[in-house]
């Protein structure tokens, strides 16, 4: 698990109706999600690694994000970048709703400062390296308790669901702008949320208090 993450720093975590389990190697997805880009589950209900996530739709990124006032010690900076499967992105942009079968991937990647290590010609600011320090996935699927689940990968094969008792679930329920997702950090999606007036009460109340 990663401490500095969009989905799960608060759970320290990046990233929630019981029902029938999906069949092996298939996605339990709504018609609005293309089966080719939706999440896939193995027979044991573990989430399979989304191999092509870097071909998915980019929605936002941050650097060294933390949900606590006290900064955590680290010997490097980290890019926190989020991608979503394309068919779910298109559905959200059209309706403001995440369809069943949505998967948001949080990639945590080491950043290098200009002039440090191998930063090529860059002399100032930050660039990404090829060192991925963690990958987490936030999945919407009707068979999951609460309809959403978090998965943290420590390999490129599969991952078990993070237990519902983990603080990432309550954090997303208490602070997420739309349907337990941190749309507030994704500019193009936030525009849709504002236009369609679908911001959660919890998020609206929180921002209202912050403005006072």
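Numbers at a glance
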quantity	calculated
Filter result (surrounded by fewer than 16 Cβ atoms within 10 Å (Cβ to Cβ) and under 21 Å from residue 200 (Cα atoms)) within segment 133-163	142, 145, 146
Positions within segment 143-167 being assigned to a helix (DSSP H, G or I) and within 22 Å of residue 193 (Cα to Cα), in sequence order	146, 147
Failed item in (1) outside any strand (DSSP E or B); (2) closer than 15 Å to residue 141 by Cβ, with residue 104 passing the rest	(1)
Subset of segment 195-211 (residues that are in a helix (DSSP H, G or I) and out of contact with any helix residue (DSSP H, G or I) (no Cβ under 6 Å at 6 or more places or on another chain))	195, 196, 201, 203, 204, 205, 206, 207, 208, 209, 210, 211
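Rule-based calculations on the coordinates, nothing more; no lab input. In this text the structure is predicted, and so the values were computed from the model without any measurement. Using ideal geometry, Cβ is built from the backbone for each residue, glycine included, and neighbour counts are taken over all protein chains shown.
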